[in-house]
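Worksheet: the structure to be examined is printed underneath.
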2 protein chains.
Amino acid sequence: MTMVDRVPGAPDAEVATNHVHRARRLGIDTGQEPVVYLHRDSIVCRSEGFGSEIRLWVRRGDRAILATLNVITGSLLAPDEAGFSEAAWSLLAPRADDTVEFAHPLPLDSLSHVRAKIYGRRMDGAAINAVVTDIAAGRYSDIHLSSFLTACAGDRLDRQELVDLTRAMVTVGDQLRWTHPRVFDKHSAGGLPGNRTTMIVVPIAAALGLVMPKTSSRAITSPAGTADAMETLAPVALDRDALQRVVDREGGCIVWGGAANLSPADDVMIRVERPLDLDSPGQLVASVLSKKVAVGATHVLIDVPVGPTAKLRTLAEAEAVSDALRDVGGALGLEVLPVITDGTQPVGRRVGPALEARDVLAVLRGEPDAPQDLRERALLLAGYLLELAGAAPAGAGQALARSALDDGRAWRKFQAICAAQGGMREPPVARFTRPVEGTAPGRVSAIDNRRLARVAKLAGAPGDPAAGLELHVRVGESVAPGQPLFTVHAQASGALDYALAYAARAGDIVRIEPLR
Amino acid sequence: MTMVDRVPGAPDAEVATNHVHRARRLGIDTGQEPVVYLHRDSIVCRSEGFGSEIRLWVRRGDRAILATLNVITGSLLAPDEAGFSEAAWSLLAPRADDTVEFAHPLPLDSLSHVRAKIYGRRMDGAAINAVVTDIAAGRYSDIHLSSFLTACAGDRLDRQELVDLTRAMVTVGDQLRWTHPRVFDKHSAGGLPGNRTTMIVVPIAAALGLVMPKTSSRAITSPAGTADAMETLAPVALDRDALQRVVDREGGCIVWGGAANLSPADDVMIRVERPLDLDSPGQLVASVLSKKVAVGATHVLIDVPVGPTAKLRTLAEAEAVSDALRDVGGALGLEVLPVITDGTQPVGRRVGPALEARDVLAVLRGEPDAPQDLRERALLLAGYLLELAGAAPAGAGQALARSALDDGRAWRKFQAICAAQGGMREPPVARFTRPVEGTAPGRVSAIDNRRLARVAKLAGAPGDPAAGLELHVRVGESVAPGQPLFTVHAQASGALDYALAYAARAGDIVRIEPLR
């Protein structure tokens, strides 16, 4: 989280009130938005004219946060008390009865740039910097963030705006520095349930001598991000120093990027992208590349899956995003290699954090029932990466990757990475499972990635790591009536019911054509 | 407020949980967004897998509301209790210890239309209807509303989309029916502080026999809406029946539109337009005309002020909006007469609800120091309206209006309307006032409407009805050093300081050019 202002105090609070309140933890979980509660008869509310739905600075010693005000009209608080939501409490970290002070924030001048963008004007570097600085400092409310993301979505950022946005997102966070001249990274442009190749590519690459400090995000609109899946096997919330130690020892890591303060504005924007279910190409380019520049990468392989229900639906879209990634990366000193891949159906058999981790383990351990599509996809990407690194001549990368996977080097490296990150563990298993069956005989003609992902999310993924689903069929296979098409996994019976009800209502998530 | 579902129960909640909780009013004012609080160990949270930041249906008897969930981790609630924010409590209206039930809402399918719009596709009538229906039913969170408004802003709606949006906004609310064949209305496209002509035009028109059921909005981005100013003189929150009675008796009324459930989606959208400070031309057309159609008007005069710091900055913009108003109105059976007016400086001398009401009273009473610009502007508009109605031949409207104002008929009608609305009262006076003085001699060359409005808002308007400012100079006048340019009025000393600090920082709100 990046709501804490780095500079001690609240430099952009113009009028300090100096009215002191006693801090009380109210035990209210308001999600990521910090909320502070004050009685309507408090000195602050009376003398400052605060109303509801406004934001204000709260300061304790040299720490200050921007929080949303809720006014208490009942007896929950005394007039000299200040209540804190869980997010606000953990950001400001007071002890009970510590005193806190309040101040008005300055008007948010950078919103004028957002309005100009809405009205079709372009933003220059200074405007973008001002917006991103305010976002990273937590000054944008959800309403402001939603408007900024919407105004930039749908190809409304030109190439230079994208470069400026990406650079601004790097600048407002920390950056990792490496002594190695070449540092590798990979990313998937997403939209494909179960596409967990990172957890296979990194150990292959690291086993073959590449330096690969991989930071991943949690799910934005998908049922699981790589960080969510990896977390079911080992700790991922490593800070910068811990990350550096793991990479120094093992050559690679697979951690959550959020704890390292790399591109913190991206982490803030994610909290709005999720409810909007919006992850536009421009935002994708800025989000991906800002993390890569911040992590200190010099060479980046990007998996760009294309399919009618993947994030990128047509080859033309995928090529446009690839070009943008290459151009914007180049402008920022990154060599980017986009690899357009098949995105017509989910990868592997399982969807959801723990379930996807099981697919990865099966591939790394060389188990006979390991999903071949996940294995082959990981080898394809690892091959390109090895060629990009010069570790294998053109055309020989895949064979080299295959040897490191088949002879157990990748699996040993994965275990070593897990141990270095804090210790390997078993992924959790869901309490409830129920199959969804086909009703008529036929052949599977298509699988709807988006609706399948929604079923997994309604079942509880990624919040419940054990939740998700297992696919039992693939495109082209024949099915009989009553044959299970997929099994839903959930930790709560209500979530299971909800996912199944949606699956029944949505219809044709697995499309079956009659046999002729 | 329109969060209450009209159909008893929650028809779009697919999975009822039937877990009963006791209702508790927590006395937390969360603004307009209804919030429900449940303990993390409650049956609902445990068995349904609810997390924070989700929305759910809460039902009591035949009433149901959609509320945002905050999870209680402390001892504020027992596991079988359900806490309510003030907004949620007043919408659901339980008694203490009433039992309530919870259910998951269906996924918000209409968001796919918003996403399509973001990506540049147009919305057909069915898509727009689905979005507006969900908005009026309170199914859109602030994040969703912000995205929809941003996606539609900046001329991204074509003429047919605007017609469909306006019609949908009418359809989801109530509509007034009149036996009179011709029903008149007026509106100002806004952006001009102090432009309170409605409160003068309505009594003139009604005194001369026109039927004019005027509903006004509260301020969106300005320091006062007509409803805010009128409310300092008489009750304005009249329901449909009361409105009808006032108009039957006096021929006209000046009430707040929100209580009559006319175009309720518009009222929901306003809560996001305000923090975004965004009020785009397309949204303006749909907002204005949906209210006019819903109120049963047949002829509408629209004041379109133009000036460098008014909402519409150029004549071209004003003409584009005028064309859109005429076209969209015509498609919906309304005769619309846009009148482009001077919007280069504030109207009248005072800005803020009670202060603007005082300017209006001075004009109606014919006081010698009444602001002439407000008086002349109201007469111009009343004249056009009387000509539109056929009450005066072309070119003779203003003279007719002037006679009704000068001989006291308009003032008597205004008092009668106030009495019919519930009784006339004195507007409040602010506790704190402080002048802002000029520093150098010169001539006033410009007044910045936007910054001036911001000073009034920072002083507390429109939340504090007495807050705002009084202007002491007009464009073209000479000023001496130390001469007061404007006086800030506030109810709280903190708000006064804040407004003055902004005025000092913003500089040149009243621009003074050296005398030559």
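The values are calculated or read from the model by the stated rules, or taken from the named source; none is laboratory data. Please read all numbers here as calculations on a predicted model, not as lab measurements. Every residue, glycine as well, gets a Cβ built from its backbone with ideal geometry; the counts of neighbours run over all protein chains shown.
Some observations on this one:
- Selection of segment A:124-157 for residues being facing chain B (nearest Cβ under 8 Å) and either hydroxyl-bearing (Ser, Thr, Tyr) or in a loop (DSSP other than H, G, I, E, B) (or both) yields A:Ser141, A:Ser146, A:Ser147, A:Thr150, A:Ala153, A:Gly154, A:Asp155.
- Here A:Glu426 fulfils each of the conditions (1) more than 23 Å from the chain's Cα centre (by Cα); (2) not assigned by TED's automatic domain parsing to the domain that holds A:Thr232 apart from (1).
- Test for A:Thr73: is it in contact (Cβ under 8 Å) with a residue 40 or more places away in the chain, within 13 Å of chain B (Cβ to nearest Cβ) and not hydrophobic (A, V, I, L, M, F, W, C): no
- Any pair with Cβ under 8 angstrom, 6 or more apart, that starts in segment A:93-121 at a residue that is touching a residue at least 40 places away in the same chain (Cβ under 8 Å) and within 11 Å of chain B (Cβ to nearest Cβ) and ends at one that is basic (Lys, Arg) and buried (at least 18 other Cβ atoms within 10 Å of the Cβ): A:Phe102/A:Arg59; A:Ala103/A:Arg59; A:Pro105/A:Arg55; A:Pro105/A:Arg139
- Single unsatisfied condition, B:Arg121 versus (1) at pLDDT below 95; (2) under 28 Å from B:Thr298 (Cβ atoms): (2)
- Residue satisfying condition, being touching a residue at least 60 places away in the same chain (Cβ under 8 Å), within 14 Å of chain A (Cβ to nearest Cβ) and under 21 Å from B:Ala297 (Cβ atoms), within set B:Arg218, B:Arg167: B:Arg218
- Condition check for B:Ser112: in the same structural domain as B:Val35 (by TED's automatic domain parsing), over 20 Å from B:Val20 (Cβ atoms) and either outside any strand (DSSP E or B) or touching a helix residue (DSSP H, G or I) at 6+ places or on another chain (Cβ under 7 Å) (or both): no
- Some residue of segment A:489-508 being touching a Ser or Thr at 6+ places or on another chain (Cβ under 6 Å) and not small (Gly, Ala, Ser): yes
- Residue check for B:Gly507: surrounded by fewer than 18 Cβ atoms within 10 Å (Cβ to Cβ) and under 26 Å from B:Val202 (Cβ atoms): no
- Residue in segment B:387-397 that is in the same structural domain as B:Ala205 (by TED's automatic domain parsing), touching a Lys or Arg at 6+ places or on another chain (Cβ under 8 Å) and surrounded by 18 or more Cβ atoms within 10 Å (Cβ to Cβ) present: yes
- Among the residues of segment A:69-123, those that are basic (Lys, Arg) and surrounded by fewer than 22 Cβ atoms within 10 Å (Cβ to Cβ) comprise A:Arg95, A:Arg115, A:Arg121, A:Arg122.
- Scanning segment B:1-39 for residues that are part of a loop (DSSP other than H, G, I, E, B), buried (at least 18 other Cβ atoms within 10 Å of the Cβ), away from every other protein chain (no Cβ under 14 Å) and at pLDDT 50 or above turns up nothing.
- Here the condition is being surrounded by 19 or more Cβ atoms within 10 Å (Cβ to Cβ) and in contact with a Phe, Trp or Tyr (Cβ under 6 Å, 6 or more places away or on another chain); of B:Leu485, B:Leu471, B:Leu452, it holds for B:Leu471 alone.
- Check on B:Ala82, in a helix (DSSP H, G or I) and within 26 Å of A:Leu69 (Cβ to Cβ): no
- Pairs with Cβ under 6 Å, 6+ apart, first in segment B:260-281 and over 15 Å from B:Tyr140 (Cβ atoms), second of a type in the set (D, E, K, R): B:Ala260/B:Arg240; B:Asn261/B:Asp174; B:Leu262/B:Lys291; B:Ser263/B:Lys291; B:Asp279/B:Glu273
- Condition check for A:Val295: of a type in the set (Val, Ile, Thr) and either closer than 25 Å to A:Ala259 by Cα or not assigned by TED's automatic domain parsing to the domain that holds A:Ser188 (or both): yes
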